[in-house]
Structure formats: C-alpha cells, structure tokens
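A short worksheet on the structure shown next.
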Amino acid sequence: MTRSGLQQDVINLYRQGLRNAMSKPAEARPNFMLHLRYNFRHPKLRQRDYTAIEHQLRKMSRTLEMLSEPSTQRISISPEWKDWWNDEIDKTRTRPVSTSSSITSSSVKRGNEAKEEKKEEIVKKDDEGRDRDQWAGTLPGHGGT
C-alpha cells in the first residue's frame, strides 16, 4: 500500500510512541499506552485537514520527546481517559464480525444451506462463549487519523 508522506509521519510517530512506552517499567506501560492512544485519536481530525494533522504531529512529537526521557517513569491518566478506553473496548466487542468479499464455494450455493454455512464460518467463539479474537480483527489505537 502506498502512503503519503504525512501518513508515514503519523505511523512513524505512533511507532516511536510504542517503543517509548515499552521502554518504561511494566507497571507504568498501560498508562503510557493509553496516553498515546488517546492523543492520537483526540481531537478527531478529518483525513484532508493537513494543517491540523501537522499541528498535532508537532505537538505529539514534543510530548513524546518529553516522555522519552529516562527520568520519566510514570504518567497519570484521568478517569475520563480510562472511561473513553473502556467504551472503545466495548464498541469493538459489540461490533459485528464482517465476512470477506471474496467468492467462496458456500457463497455460490443458494437457499438456507448457504446462509447456515456462512453463519458457521463467521462464529468465532471459544468454549466459554467469548469472542476468540480479542479486538474483532482490528487493533485499537491504530489509524488515529
């Protein structure tokens, strides 16, 4: 996939933030990760709003530079951010699983048999009835712009 320079900058900055979070003590990592996710998704930006995206990139770059200091070992997270993240997790758990658009042998069949077969393919539950794929096929915190 070909990406624009701005898209590549966003991805590189996010990866830098991930590496920074992983360099912190294990008990502090979740807060660093939540800080990173929240700041890459807020404020919500349109894909074509280049000036706002560039501004956020500069702002986040300065923030990550400050947080990457070895003396920074912990970060406080507001309860609103934690609530936001719990809501994001709930959204991904309740989102229906989509099927691929490619033609399979079951999509060629007609009638109720094909519908039942597709339902069996889609179901991804473990023995306890939970979704097998923790994030329903997508990784939270990615694609902030």
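A quick yes/no check of all residues on (1) modelled with pLDDT of 70 or more; (2) assigned to a helix (DSSP H, G or I); (3) farther than 23 Å from R37 by Cβ; (4) acidic (D, E):
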residue	(1), (2), (3), (4)
R62	yes, yes, no, no
T72	yes, no, no, no
I75	yes, no, no, no
E80	yes, yes, no, yes
D90	yes, yes, no, yes
S107	no, yes, yes, no
A114	no, yes, yes, no
K119	no, yes, yes, no
W135	no, no, no, no
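Restricting to the stretch 1-15, what's the tally of residues that are part of a helix (DSSP H, G or I) and under 19 Å from the mean Cα position of the chain (by Cα)? Outline the logic, then answer.
Applying the first criterion (part of a helix (DSSP H, G or I)) to the stretch 1-15 yields 5-15.
Keeping just the survivors that are under 19 Å from the mean Cα position of the chain (by Cα) gives 6-15.
Result for the stretch 1-15: 10.
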Please state which one of T51, T99 is modelled with pLDDT of 90 or more and out of contact with any Leu (no Cβ under 9 Å at 6 or more places or on another chain). T51
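The values are calculated or read from the model by the stated rules, or taken from the named source; none is laboratory data. Model, not experiment: these values are computed from the prediction. Neighbour counts are summed over all protein chains in view; Cβ atoms, including those assigned to glycine, are modelled from backbone coordinates with ideal geometry.
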